[in-house]
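Taking it in order: structure first as structure tokens, then the write-up.
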Amino acid sequence: MQEKGSISIHTENIFPVIKKFLYSDNEIFLRELVSNAVDASQKIKRLSSLGQYQGEVGDLLVDVKVDKEAKTITISDNGIGMTAEEIKKYINQIAFSGATEFMEKFKEANDANEIIGRFGLGFYSAFMVADKVEIDSLSYQEGAEPAHWTCDGSTSYEISEGTRTTRGTDIILHINEDAEEFLEESRIQTILDKYGKFLPVPIRFGTKSTQEEDGEDEEGKPKYKTVEVDNIINNTSPAWTKSPSELTDEDYLAFYRELYPYSMDEPLFWIHLNVDYPFNLTGILYFPKIKNELEVQRNKIKLYSRQVFITDEVKDIVPEFLMLLHGVIDSPDIPLNVSRSFLQADSNVKKINNYITKKVADKLQEIFKSDRKGFEEKWNDIGLFIKYGMLSDEKFAEKANEFCLLKNTQGESYTMKEYYEKVKDIQVDKDGNIVYLYTHDVAQQDSFIAGATAKGYDVLVLDGPLDTHMTSYLEQKGGEKIQLKRVDADVIDKLIQKDEKIELTLSEDESKKATEVFEKAISRADMKVEVDALHAEDLPVSVTLDEFMRRMKEMAKTGGGMGFYGSLPDNYKVTVNGNHPLVKRIVESSDEEGAKLAKQAFDLALLSRGLLTGSELTSFVKRSVEMI
């Protein structure tokens with residue numbers, strides 16, 4: 001059998017284009033060829049199970065060999081094999097059916113994967129690294145003859161009688177000078193680890209040394225010897241391919257360690273995905289310990305198609321907020337070679353995205369309902385993730401409203417609904433607004449928190465990186481007429497104003513004098529002094545920052561579109577309690593004594609806010625010692 005021919009395409013320069021245009025992604029040639037070998041292996045298994053192949057299937061294996069001296073890479077399988085006619089059909093015709101269109105369209109493509117996926121050029125990615133490619137194959141069919149195909153990267157090919165004596169296929173790549181990096185075993189091992197770690201048929205790449213017990217020494221301790229064993233690079237039955245009923249917690253944790261061998265922390269919990277309608281999807285998503293920071297490692301979810309690794313950039317398949325999760329998603333409905341533009345347009349991908357969001361929300365709700373105490377204990381690790389989801393995904397937020405927790409300064413946890421019920425009758429102002437008080441720094445704002453709790457009010461702790469945005473979310477979604485006010489935004493009686501009228505004990509002249517004394521003692525343009533009628537037991541002086549202005553400035557810092565406010569200076573309000581005995585004393589003192597006391601009272605207010613620093617703090621300490 002001897003035949004020469006020409007691949008039926010309308011252009012001569014297809015191979016140079018493949019080599020040049022796909023060069024940046026040239027390592028995928030190995031993924032393509034190994035995946036083809038795995039497919040061929042699975043087909044023989046399938047034919048046998050259907051009774052269409054009567055012979056022995058044997059132990060299926062894909063063998064990858066590098067011959068540095070001959071400058072070849074060989075990918076062998078003992079799968080279905082091909083006849084000469086099948087080689088002509090599948091390699092020469094079908095694989096190149098899109099070649100003409102490819103030549104017209106390749107300039108529009110965004111990346112190499114898009115080209116290969118759209119035009120069925122998987123096998124021909126071999127020419128990115130090889131000057132010549134050979135196929136040696138023997139079909140499983142009874143009486144089939146071995147066939148040999150060779151092509152030197154032009155459109156000419158040659159078919160002759162092959163040399164294989166057993167069922168299966170060898171693909172031999174003669175590596176070109178520009179691609180000699182692929183003759184390094186470490187390079188091939190890395191690519192196989194990346195793309196083939198969980199392929200369903202064993203992939204062998206040479207041998208490796210391992211330690212084996214070899215009797216005992218004189219002290220009765222075990223002895224070991226070094227032996228060479230097959231270097232099988234893949235786990236053919238990863239956890240996500242099994243039914244959840246087959247797996248224990250330890251199995252899930254072991255698989256997590258297999259995925260992330262360098263991770264220090266174990267995951268908090270996981271979700272096993274398994275759906276076959278209206279699309280096929282399996283996988284396991286793990287919730288890592290996130291802590292209170294947004295600088296987390298993304299691209300930790302790996303996308304597979306029939307156990308072949310595709311990418312770890314899954315932002316179009318997985319909702320943005322779920323990018324904080326780790327794990328694996330496998331869907332045969334996503335082609336092996338995908339591009340960003342394909343993913344964004346594909347209807348299956350959108351369905352998968354919605355399904356994963358629902359599944360994650362359901363799992364969190366289930367944990368909350370079945371083990372609330374455990375859920376509360378995990379909140380510090382998962383709270384950021386849940387808030388991120390609520391702020392960025394409406395469907396997730398609808399469910400998360402039921403298990404999102406609010407924590408107060410007492411360390412108690414409440415759902416949004418529970419907290420509303422807790423404060424709606426107590427923390428209500430004269431206009432019927434329900435006021436949620438909160439702190440972003442428990443230690444720094446302790447005096448304000450103490451003032452609020454003395455009135456019987458509750459104070460939430462909102463100190464996370466997303467809590468600036470959560471305050472607005474709670475006002476919109478937490479219940480009717482809710483307002484959030486930071487506990488240091490004003491004196492407590494102004495934060496929750498009641499109908500109660502407090503009379504000012506200072507006369508109009510005394511009030512005016514108190515204002516002048518404090519303005520002179522403070523002498524700062526960013527501090528506006530107001531004398532107010534408060535309870536005598538309240539602090540004599542409070543320094544506060546307006547809630548609206550502060551919130552706008554914080555949103556500007558986090559890119560909330562409030563840039564104008566971000567450039568404005570901080571302006572504080574100094575509230576002087578006109579009913580406090582100290583203020584009365586200041587008004588009645590001499591100018592020198594009054595100024596000294598006013599400055600001391602103001603500095604105490606600054607100190608309680610953590611705003612007294614540098615030389616001002618030094619002067620305050622010195623003055624305090626003198627006064628004692």
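The values are calculated or read from the model by the stated rules, or taken from the named source; none is laboratory data. If you're wondering where the values come from, they're calculated on a predicted model, not measured in any experiment. Heads up, the Cβs are rebuilt from the backbone with ideal geometry, glycines too, and the neighbour counts pull from every protein chain shown. SASA here: full protein model, heavy atoms, side chains in, ligands and nucleic acids out. Shrake-Rupley method; radii C 1.70, N 1.55, O 1.52, S 1.80 Å.
Estimated translational diffusion coefficient (Stokes-Einstein, Kirkwood radius over Cα pairs, 4 °C, 1.567 mPa s) of segment 483-546: 97 µm² per second. Charged side chains reduced to their Cβ positions (Lys and Arg at +1, Asp and Glu at -1) give the chain a dipole of some 1420 debye around its Cα centre. Taking all protein chains into account, the per residue accessible area for the chain stands at 49 Å² (1.4 Å probe).
Could you state the number of Å between the C-alpha centres of segment 529-550 and segment 187-221? Cα centroid to Cα centroid, the span is 71 Å. Taking label positions 7 Å along the Cα-Cβ direction at both residue 523 and residue 592, the computed distance is 1.6 nm, reported to one decimal.
Structure shown: which of 45/68; 501/553; 45/363; 71/194 lie over 28 Å apart, alpha-carbon to alpha-carbon? Could the numbers behind the result be given before it?
Details: 45/68 33 Å; 501/553 33 Å; 45/363 37 Å; 71/194 23 Å.
Cα-Cα > 28 Å for 45/68; 501/553; 45/363; rest within.
Listed by chain and number, the lysines whose alpha-carbon sits under 22 Å from that of residue 225, ignoring those within fewer than 8 places in the same chain, are 208.
Ignoring lysines fewer than eight residues from residue 599 along the same chain, the ones with Cα atoms less than 18 angstrom from its Cα are 512, 513, 520, 528, 573, 584, 622.
Computed from label points 7 Å out along Cα-Cβ, the spacing between residue 626 and residue 505 is 2.8 nm. In degrees, nearest 10, range 0 to 90: what is the angle between the Cα axis of helix 508-522 and the longest Cα principal axis of the chain? In the chain, helix 508-522 runs at an angle near 50 degrees to the longest axis.
3J(HN,Hα) along segment 192-208: 5, 4, 6, 9, x, 4, 10, 4, x, 10, x, 10, 9, 10, x, 10, 9 Hz, from the Karplus curve 6.51 cos²θ - 1.76 cosθ + 1.60 with θ = phi - 60°, whole Hz, x for Gly and Pro.
Computed extension length for residue 216-residue 85: 41.2 nm, one decimal, from 0.36 nm per residue of separation with the Cα-Cα distance subtracted. Once the C-beta distance of residue 536 and residue 363 is scaled by a Förster radius of 41 Å, the resulting FRET efficiency is 0.15 to the nearest 0.05.
At a 10 angstrom cut-off on C-beta neighbours, averaged per residue, how do the peptides 517-529, 278-290 rank from highest to lowest? Kindly include the intermediate steps, with their values, before the conclusion.
Details: 517-529: 15.9, 278-290: 19.9.
Final packing ranking: 278-290, 517-529.
Highest mean packing comes first when the peptides 242-250, 382-390, 421-429, 592-600 are listed by Cβ atoms within 10 Å, giving 382-390, 592-600, 421-429, 242-250.
Projecting the Cα atoms of 209, 600, 72 onto the dipole axis of the chain, where Lys and Arg carry +1 and Asp and Glu carry -1 at the beta carbon, places 600 farthest toward the positive end.
Less than 14 Å Cβ to Cβ from residue 519, Lys/Arg counted +1 and Asp/Glu -1: what total charge do the surrounding residues give? Net of charged neighbours comes to +3. The gain in end-to-end length when the residue 454 to residue 275 segment is fully stretched comes to 59.0 nm, 0.36 nm per residue minus the alpha carbon separation.
Beyond 25 Å between alpha-carbons counts as too far, so tell me which of 387/407; 494/596; 399/430 fall in that bin.
Working: 387/407 13 Å; 494/596 28 Å; 399/430 33 Å.
Listed pairs above 25 Å: 494/596; 399/430.
Our note on the geometry: Cα centres of segment 467-499 and segment 314-330, 34 Å apart.
Remark: C-alpha extents of the chain on the principal axes read 119, 70, 48 Å, sorted largest to smallest.
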